[in-house]
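Data first, discussion second: the structure below is written as structure tokens.
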Amino acid sequence: MKCSRIHRMPFGATVHGGGVDFALWAPSMHGIALVHTPAGGTGTPHAMEQDADGWHRLTLADARDGDRYAYRLADGTIMPDPASRFNPQDVHGPSQVVDPARFAWTDTAWRGRPWHEAVVYELHVGAFTEEGTFQAVRERLGELAELGITAVELMPLAEFPGARNWGYDGVLQFAPDASYGAPDDLKALVDTAHALGMMVLLDVVYNHFGPEGNYLHACCPEFFNTAEHTPWGAAINFDGPGSRTVRDFFIHNALYWVEEFHLDGLRMDAIHAIRDASPRHIVREIREALNAGPARERQVHLVLENDANQASLLARDGNGLPVAGTAQWNDDLHHAVHVLATGERDGYYADYADAAAGRFAHALAEGFIYQGQPSAFRGGELRGEPSTQLPSTAFVSYLQTHDQVGNRAFGERIHALGDPVLVRAALACVLLSPHVPMFFMGDEFAASSPFLYFCDFGPELASAVAEGRRAEFGRFAAFADEAARARIPDPNAAETFLASKLRWRERGAQPHFARLCEVQRLLDVRHRLLVPHLAGAHGAGSHRCEEGVIRVEWELTGKRLHLLANLGAQPAVETTAPPGTVLYSTGTVADAAGLQLERGAVHATLEDMAGG
């Protein structure tokens, strides 16, 4: 039986039996015309009617799925639809009418997966495979499922300028970038993932629009609040005059991805950069809209990136359900691991420079390290809120992400920079913890390819971006001279993008294959022995660290999890071995003196609790 999914919204082009309805919100504009181009035809302008609320509307009885259209402003500017579902000729080209009912879904029985089962795999569609398409990702999903991945997180897909971009410069929030394929190709990817038992999450950017191809400044200045500024310019208007329609635009965008593409959730980029003083923060309103809609029938998750460590946005209600975010990316844990493994202490790593092993244990036990303490890197500013009341699954933890790799001058991964013994031990600790673990694509086989910052802007902006990036690194001693900065790859060069693509042949070659096997073993232990006890577990663990040996304990459902690891410089002895059934042990030997721990040893046990 054919199953189609359509998200109804007041914006954009809506296909129905009588043609296509077109709607654009532009309160301060007059005399807007729709330029309609049928397949194989030429463009014809049609005057649109404007109502008192600033909506410009038109119904064309002869418009069809696949037709192209654009809006012509009174000054002659031709622009795509801000709510375009597909823009096959890039951000400056016309939009294409899409009938979402044409895709036949097969995942009618899919109800999602509970969050505690998540093992997340972050990937960039363009760099994940040589082909760089939705179809190519789809063909690799089986390998990820076999490894033990249960959730794929796609970096942002909103139409961006040019043929390559990280995705954070998107300007058409409803249009999957055409360089990856058509909307139906993305739907096929999701359909296949669900057949394999995998969730699909999408990274969305609601804190800014990209610098090229954003026509909203021209047609609808009401979208921006010039009194509030962000690193990308005027803030999006979430709380000023006219903000109700702006808020609805983004709420509908969240619902659109989850309903029309059957995604299992969203990762919201840098919500600390959203300026919103409303009684209900936009994150909470999006959660409420999801709960009132698709989450009534299946599991839908909302993951946050929030440098402010606002534990209140991760709180649970009386039924144990999230009031806003399901979980948050835990940069605190990453930073502690990075300092521990690499010894780097520049920039924000300075806040984690002392007792890195102890800080890592702290993050494993409590999630956030900064829970209201002053940050030296931020000039003494208090950062964070107490997180000990949250379940461990409220934290997505990792050794690296696209940010932490790609924001380096040469895009080096942590296994290329750090002590291999400590990197291996830290990975095992994360995978054996009750946090939700996340891999950045290629982590699982210690990929040799870097992940560089890349984009494809027009000439003037391209030059400014390249110069700005090199100037930014000029703050560091290693790039103090011009010759050193000149070696930093040009983000706009095609070679920079090509160098960032995964080399899949490595997966079967040593030492990459050994890493892959180790990851598969750890994930098998996690899914079989640990995950069954994560549902309903609540509250922080306990931790201690002595001379680099960390010991962390968590109370799960009916069990107590013990994690012991030697992250110090020398072998050690733990006189009291953790009780319980051994889940995993490497680098350890039990003798009369206790548990001998080689450097990098990891030992995890699961102990029955009373009544468990």
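Table for the structure above
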read-out	value
Hey, Ile550 β-branched (Val, Ile, Thr) and either over 30 Å from His116 (Cβ atoms) or touching a Lys or Arg at 6+ places or on another chain (Cβ under 7 Å) (or both) or not	no
Scope the stretch 304-345; condition among the charged types (D, E, K, R), over 16 Å from the mean Cα position of the chain (by Cα) and under 18 Å from Gln371 (Cα atoms); matching residues	Arg316, Asp332
Those residues of the stretch 479-488 which are part of a helix (DSSP H, G or I) and surrounded by 11 or more Cβ atoms within 10 Å (Cβ to Cβ), in sequence order	Phe479, Ala484, Arg485
Qualifying residues in the stretch 562-581 (those that are loosely packed, with under 14 Cβ neighbours inside 10 Å and part of a strand (DSSP E or B)) - the one nearest to the chain's Cα centre (by Cα)	Thr581
Per-region count, the stretch 258-286, residues free of Cβ contacts under 8 Å to residues at least 40 places away in the same chain and touching a Ser or Thr at 6+ places or on another chain (Cβ under 9 Å)	2
Cross-chain or 6+ apart pairs with Cβ under 8 Å, the stretch 150-168 first and without any contact (Cβ under 8 Å) to a residue 24 or more places away in the chain, then aromatic (Phe, Trp, Tyr)	none
Among (1) touching a Gly at 6+ places or on another chain (Cβ under 8 Å); (2) in a loop (DSSP other than H, G, I, E, B) - the single one Leu523 does not satisfy	(2)
Single unsatisfied condition, His603 versus (1) surrounded by fewer than 21 Cβ atoms within 10 Å (Cβ to Cβ); (2) assigned to a strand (DSSP E or B); (3) of a type outside the set (Gly, Ala, Ser)	(1)
Any chance Ala357 is within 26 Å of Glu117 (Cβ to Cβ), at pLDDT 95 or above and surrounded by 23 or more Cβ atoms within 10 Å (Cβ to Cβ)	no
Matching strands (runs of 3 or more DSSP E) fully within the stretch 338-406 where at least 1 residues are in contact with an Asp or Glu (Cβ under 6 Å, 6 or more places away or on another chain)	373-375
Failed condition for Ala295, given (1) touching a residue at least 12 places away in the same chain (Cβ under 8 Å); (2) over 30 Å from Ala601 (Cα atoms)	(1)
Qualifying residue in the stretch 547-558 (condition: at pLDDT 95 or above, part of a helix (DSSP H, G or I) and among the basic types (Lys, Arg))	no
Positions within the stretch 150-165 being outside any strand (DSSP E or B) and either more than 23 Å from Ala118 (Cβ to Cβ) or of a type in the set (A, V, I, L, M) (or both), in sequence order	Met155, Leu157, Phe160, Pro161, Gly162, Ala163, Arg164, Asn165
Subset of the stretch 287-337 that is assigned to a helix (DSSP H, G or I) and in contact with a Ser or Thr (Cβ under 8 Å, 6 or more places away or on another chain) - its residue that is nearest to Asn253 (Cα to Cα)	Leu314
Residue count for the stretch 376-416, restricted to those that are of a type in the set (S, T, N, Q) and more than 30 Å from Pro450 (Cα to Cα)	4
Residue list for the stretch 67-92, restricted to those being of a type in the set (Gly, Ala, Ser), more than 21 Å from Asn253 (Cα to Cα) and touching a residue at least 24 places away in the same chain (Cβ under 8 Å)	Ala74
Answer residue from the stretch 84-131, given it is outside any loop (DSSP other than H, G, I, E, B) and hydroxyl-bearing (Ser, Thr, Tyr) and is nearest to Ala178 (Cα to Cα) among those	Ser95
Pick from the stretch 14-42, criterion outside any strand (DSSP E or B) and touching a residue at least 40 places away in the same chain (Cβ under 8 Å), ranking: nearest to Ile78 (Cα to Cα)	Ile32
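Yes/no per residue for (1) surrounded by fewer than 17 Cβ atoms within 10 Å (Cβ to Cβ); (2) in a strand (DSSP E or B); (3) modelled with pLDDT of 95 or more:
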{"site": "Val421", "(1), (2), (3)": "yes, no, yes"}
{"site": "Ala425", "(1), (2), (3)": "no, no, yes"}
{"site": "Ala428", "(1), (2), (3)": "no, no, yes"}
{"site": "Ser433", "(1), (2), (3)": "no, no, yes"}
{"site": "Phe439", "(1), (2), (3)": "no, yes, yes"}
{"site": "Ser463", "(1), (2), (3)": "yes, no, no"}
{"site": "Gly468", "(1), (2), (3)": "yes, no, no"}
{"site": "Arg475", "(1), (2), (3)": "yes, no, no"}
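Conditions tested, residue by residue: (1) within 25 Å of Ala363 (Cβ to Cβ); (2) touching a helix residue (DSSP H, G or I) at 6+ places or on another chain (Cβ under 8 Å); (3) not assigned by TED's automatic domain parsing to the domain that holds Leu422.
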{"site": "Pro491", "(1), (2), (3)": "no, yes, yes"}
{"site": "Lys501", "(1), (2), (3)": "no, yes, yes"}
{"site": "Leu516", "(1), (2), (3)": "no, yes, no"}
{"site": "His533", "(1), (2), (3)": "yes, no, yes"}
{"site": "Glu546", "(1), (2), (3)": "yes, no, yes"}
{"site": "Leu563", "(1), (2), (3)": "yes, yes, yes"}
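The values are calculated or read from the model by the stated rules, or taken from the named source; none is laboratory data. These numbers were taken from a predicted model, which means no experiment stands behind them. Reconstructed Cβ throughout: ideal geometry from the backbone, glycine too, with neighbour counts over all protein chains shown.
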